[in-house]
Amino acid sequence: QLNSSLPLAKIDDENEKIFIPKLSLKVSPKHTIDQRNNSNKIDINNIYSINRLSNKGFTEGGISLAYGAEYSLLKKKNKILDIQIANNLRLDKNDDIQNFNQIGEKTSNLFGKIYYNPNDYFETEYNFTLKNNLRDLNEENLITTFKFDKLVSNFDYLNQNTDSLKNLYINNKTSYMIDENNSLSFSTRKNKTKDLTEYYNFMYKYKNDCLAASIEYNKNFYNDRDVRGNENLIFKLTIIPFGETSTPNLRQ
């Protein structure tokens, strides 16, 4: 594998603008071990890696080229904007490689990421894979965080739209710091494909340098008439560094 990049920068007293084109050329014998059932995910974070399909050391047969670019905007050393995009080209189609992201095709999915953090109150990141027809989304994930003094709320939207996966989820986790020792948190997940709420959790926590105690209430829902949901109310106590103990379900 041969990797190449050429960072280009424009810097003034307050801002840094950085543009980095990237290339990664892979050359190996044509034979590939059958990896059609390999579920290893390819995305913008590992598209240039030599072992992107597996950590077991097998090689991708043939010649392929991953290429892309990254643009970053930094203000007083803080990253405000980051845009990444990448694609993979192959000299010959490889039918022994899993085709979840069209990585075995002559032209793969288009992989991308957009990160935006304009201030201390708002942060968002959008990851996507677009099929090589440049019309259909394979997967998208939008994570957004709002911060208001002691309140932090995180939203996580995931849409998987492949031949084998059809999922659409919305997660939320919200926490509130009452003071430096006491906090509240709430989390839930909505399955939009099945139109149901899967769970919600509520927790009160007290923590200092040597002790952490929490009361947690969890409720899980199911979309199966043969399986009932369940409710849990648990008290947990952690003495640092000795370990954690918890009560049985107090709802029983």
Could you list, in sequence order, all residues of region 6-21 that are open to solvent by 70 Å² or more (accessible area, probe 1.4 Å) and part of a strand (DSSP E or B)?
-> LEU8, ALA9, LYS10, ILE11, LYS17, PHE19
Residue selected from region 160-195 under the condition among the basic types (Lys, Arg) and part of a loop (DSSP other than H, G, I, E, B), by the criterion surrounded by the fewest Cβ atoms within 10 Å (Cβ to Cβ) = LYS194
Selection from region 42-85 of residues in contact (Cβ under 8 Å) with a residue 40 or more places away in the chain, assigned to a strand (DSSP E or B), under 17 Å from ILE114 (Cβ atoms) and open to solvent by less than 70 Å² (accessible area, probe 1.4 Å) yields GLY68, ALA69, GLU70, SER72, LEU73, LEU74, GLN84
Does ASN88 satisfy the criteria of being in a strand (DSSP E or B), of a type in the set (S, T, N, Q) and surrounded by 14 or more Cβ atoms within 10 Å (Cβ to Cβ)?
-> yes
Of (1) surrounded by 15 or more Cβ atoms within 10 Å (Cβ to Cβ); (2) within 20 Å of the chain's Cα centre (by Cα), LYS205 satisfies all except one. Which?
-> (2)
Just wondering, is there one or more residues in region 209-222 that are open to solvent by 80 Å² or more (accessible area, probe 1.4 Å) and modelled with pLDDT under 90?
-> yes
Residue, surrounded by the most Cβ atoms within 10 Å (Cβ to Cβ), within region 91-111, restricted to residues that are outside any loop (DSSP other than H, G, I, E, B) and under 19 Å from the mean Cα position of the chain (by Cα) | PHE111
Evaluate the following for ASP136: is it open to solvent by 40 Å² or more (accessible area, probe 1.4 Å), of a type in the set (D, E, K, R) and free of Cβ contacts under 8 Å to residues at least 60 places away in the same chain?
-> yes
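The values are calculated or read from the model by the stated rules, or taken from the named source; none is laboratory data. Predicted, not measured: the structure shown is a model, and the values here were computed from it. Ideal geometry is used to build each Cβ from the backbone, glycine not excepted, and the neighbour counts take in all protein chains shown. Side chains included, ligands, DNA and RNA excluded: accessible areas come from the protein's heavy atoms. Shrake-Rupley method; radii C 1.70, N 1.55, O 1.52, S 1.80 Å.
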